[in-house]
1. Out of the residues in segment 1-24 meeting the condition of being closer than 16 Å to K62 by Cβ and in a loop (DSSP other than H, G, I, E, B), tell me which one is farthest from the chain's Cα centre (by Cα).
2. When the residues of segment 1-24 are filtered to those that are without any contact (Cβ under 8 Å) to a residue 12 or more places away in the chain and among the hydrophobic types (A, V, I, L, M, F, W, C), which remaining residue is farthest from G110 (Cα to Cα)?
3. Condition check: crowded, with 16+ Cβ neighbours inside 10 Å, among the β-branched types (V, I, T), more than 24 Å from Y126 (Cα to Cα) and not assigned by TED's automatic domain parsing to the domain that holds V116. Does T9 satisfy that?
4. Give the residues of segment 1-30 that are β-branched (V, I, T) and under 16 Å from F47 (Cβ atoms), sorted by residue number.
5. Go through the residues of segment 50-69 one by one and say whether even a single one is among the basic types (K, R), farther than 18 Å from L18 by Cβ and in contact with a helix residue (DSSP H, G or I) (Cβ under 7 Å, 6 or more places away or on another chain).
6. So, D21, is that one acidic (D, E) and surrounded by fewer than 17 Cβ atoms within 10 Å (Cβ to Cβ) or not?
7. Mind checking which residues of segment 90-122 are within 14 Å of the chain's Cα centre (by Cα) and of a type outside the set (F, W, Y)?
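The values are calculated or read from the model by the stated rules, or taken from the named source; none is laboratory data. Note that the structure is a prediction, hence the values are computed from the model and not measured. Cβ placement follows ideal geometry from the backbone for every residue including glycine, while neighbour counts extend to all protein chains displayed.
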Amino acid sequence: MEYADKTLTCLKESGPALPIDIASFLGVDTTLAKAVLSELVEKGLVFKSKRTIGDSFVYYLKGQEDKVRDMIYPHLSVQERNLVETFKEKGFLSPDDLTPAERFLVKRLGDFLVEVKDKNMIGWRYFSYTPKKKEQKEEK
């Protein structure tokens, strides 16, 4: 089995991983593991987080996004965690709702937040937030 296939097997069986984990699984150094992961990302077979843990991205398969967020969350600063929790609670915030420091932090939280730019709203939303969910909450 070649390295790419073994890497995909590792991610399927173990979930999201850092390059060091893949290198250990393959029995190679991290440079080769990163090269294999980069090739798989280019082919669209593997995805990488927007945020790093230390100096490394987290690599994962489609459908493992929640596990990636679970891996990254403990490594966020207190301010970043508080901001993620605010978005989780409110769903959507515009730039006017945020302090300059929060606007800076938002750019680093791409695994948790989605930038919204359309005619009706500009800002960021929590990854799982949709306006329909907000309306349903208000009806209850």
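1. G15
2. M1
3. On the way: crowded, with 16+ Cβ neighbours inside 10 Å: no; among the β-branched types (V, I, T): yes; more than 24 Å from Y126 (Cα to Cα): yes; not assigned by TED's automatic domain parsing to the domain that holds V116: yes.
So T9 fails the test.
4. Residues satisfying the conditions are T7, I22.
5. no
6. Criteria not met by D21.
7. Across segment 90-122, the qualifying residues are V106, K107, R108, L109, G110, D111, L113, V114, E115.
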